[in-house]
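All remarks here apply to the structure that follows.
The values are calculated or read from the model by the stated rules, or taken from the named source; none is laboratory data. The model shown is predicted, which means the values in this text are computed figures rather than measured ones. Cβ sites come from the backbone with ideal geometry, for glycine too, and all protein chains shown count toward neighbours.
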C-alpha cells in the first residue's frame with residue numbers, strides 16, 4: 001500500500017491489476033485470502049488473476065489479513081516497471 005500511495009511501483013483494484021498482469025508489468029500479485037469467499041464471481045476473478053500471474057512469472061501472495069486489501073477491492077500488485085505516461089505534443 002505504501003508503494004501505491006507514494007506513486008511508486010504498485011497498483012490496486014481488480015481492473016488495474018488485471019491490466020498490469022496482461023502487460024507483464026506485475027512482479028507480484030497480492031490477493032486477499034478471502035477474495036474467493038465472495039461468491040462465484042469473486043472466485044472466478046481470483047482464479048483469473050492467479051492464472052494471469054502464472055503466465056507472466058509473477059509471484060502470487062495470498063494476504064491472510066483481509067482488512068489490508070479490503071479498501072482496494074482485495075487485490076494489488078507490485079510492478080516490475082512503470083509505464084511512462086504518453087508524450088504530449090508541444091506544438
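Is at least one residue of the range 5-18 in contact with a helix residue (DSSP H, G or I) (Cβ under 6 Å, 6 or more places away or on another chain), within 17 Å of residue 71 (Cα to Cα) and at pLDDT below 80?
no
Kindly list the number of the only condition in (1) modelled with pLDDT under 95; (2) surrounded by 13 or more Cβ atoms within 10 Å (Cβ to Cβ) that fails for residue 28.
(1)
Can you pull out the residues in the range 48-69 that are at pLDDT below 90 and either buried (at least 17 other Cβ atoms within 10 Å of the Cβ) or under 13 Å from the mean Cα position of the chain (by Cα) (or both)?
69
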